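The values are calculated or read from the model by the stated rules, or taken from the named source; none is laboratory data. A quick note: this is a predicted structure, and the numbers were derived from the prediction, not measured. Here the Cβ is made from the backbone with ideal geometry for all residues, glycine too, and neighbour counts use every protein chain on show.
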Amino acid sequence: MISLVFDLQKSLMKLAIILLWTASGLAAEAATETYAIDPAHSSVEFSVRHFLTKTKGRFQKFEGAITVDREAMEKSSVIASMETSSVDTNQAQRDEHLRKADFFDASKYPKMTFQSKSWKKVGEQEYEVAGDLMLHGVTKPATLTVKCLGFTQGMKGAPISGWEVHGKIKRSDFGMTYGGPAVGDEVEIEINIEAKRQ
């Protein structure tokens with residue numbers, strides 16, 4: 001009888017451990033939310049100096065996802081890619097040149113990709129996001145300033161999040177040196193994102 005009770009206690013203990021482990025796993029999973037970038041309500045823009053003034057452009061085709069834990073935003077991650085052939089500076093001849101080997105070489109390198117490695121809080125809902133930027137066949141570290149604008153319900157009650165992103169890179173770091181000194185080396189990046197929860 002004592003042996004039977006002992007075995008029953010061991011079985012109940014094992015069951016309790018399994019239930020606790022499962023519950024903690026589900027809680028951790030529930031805390032993590034993934035939001036897919038909505039291109040219809042987002043923009044990826046850049047500007048580069050040309051002689052004295054700045055020329056602005058954007059990428060028309062892009063995608064990405066942001067995974068967040070609202071209780072621990074530093075654990076967040078993001079991956080995004082842009083189609084280099086979709087570059088648009090509102091001037092067809094210049095855009096065609098940008099797609100060629102002097103710049104993006106879009107037929108050879110159709111996408112640029114950013115994948116985060118760490119998030120560091122630097123202000124109210126503002127983070128330094130460090131990661132790897134792959135562009136023109138070269139991968140280099142890049143740091144972006146990301147501001148979380150909040151979470152709410154969008155069309156038909158769908159959960160959405162909003163984000164602003166700013167950063168600077170040097171195009172020469174990625175092997176794009178054509179046009180200097182007429183064309184500036186520093187590229188300013190400005191991204192506005194609305195993302196839908198998956």
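When 86, 81 are checked against the criterion of being closer than 15 Å to residue 57 by Cβ and within 21 Å of the chain's Cα centre (by Cα), 86 stands alone in meeting it. Of all residues in region 178-198, those satisfying the criterion of being surrounded by fewer than 13 Cβ atoms within 10 Å (Cβ to Cβ) and either without any contact (Cβ under 8 Å) to a residue 40 or more places away in the chain or β-branched (Val, Ile, Thr) (or both) are 180, 181.
From the list 77, 85, 42, pick out the single residue that is touching a strand residue (DSSP E or B) at 6+ places or on another chain (Cβ under 6 Å), closer than 20 Å to residue 188 by Cα, of a type in the set (Gly, Ala, Ser) and at pLDDT 95 or above.
Numbers: 77 fails: closer than 20 Å to residue 188 by Cα; 85 fails: touching a strand residue (DSSP E or B) at 6+ places or on another chain (Cβ under 6 Å).
Matching residue, one of 77, 85, 42: 42.
When region 48-94 is filtered for residues that are hydroxyl-bearing (Ser, Thr, Tyr) and closer than 18 Å to residue 193 by Cα, the ones remaining, listed by number, are 67, 76, 77, 81, 86.
Of 149, 133, which residue is in contact with a Gly (Cβ under 6 Å, 6 or more places away or on another chain) and either touching a residue at least 24 places away in the same chain (Cβ under 8 Å) or not in a loop (DSSP other than H, G, I, E, B) (or both)? Lay out the reasoning, then the answer.
On the way: 133 fails: in contact with a Gly (Cβ under 6 Å, 6 or more places away or on another chain).
Criteria check complete, one pass: 149.
Does any residue of region 102-111 turn out to be assigned to a loop (DSSP other than H, G, I, E, B), out of contact with any helix residue (DSSP H, G or I) (no Cβ under 8 Å at 6 or more places or on another chain), closer than 29 Å to residue 53 by Cα and among the aromatic types (Phe, Trp, Tyr)? Checking region 102-111: not a single residue is assigned to a loop (DSSP other than H, G, I, E, B), out of contact with any helix residue (DSSP H, G or I) (no Cβ under 8 Å at 6 or more places or on another chain), closer than 29 Å to residue 53 by Cα and among the aromatic types (Phe, Trp, Tyr).
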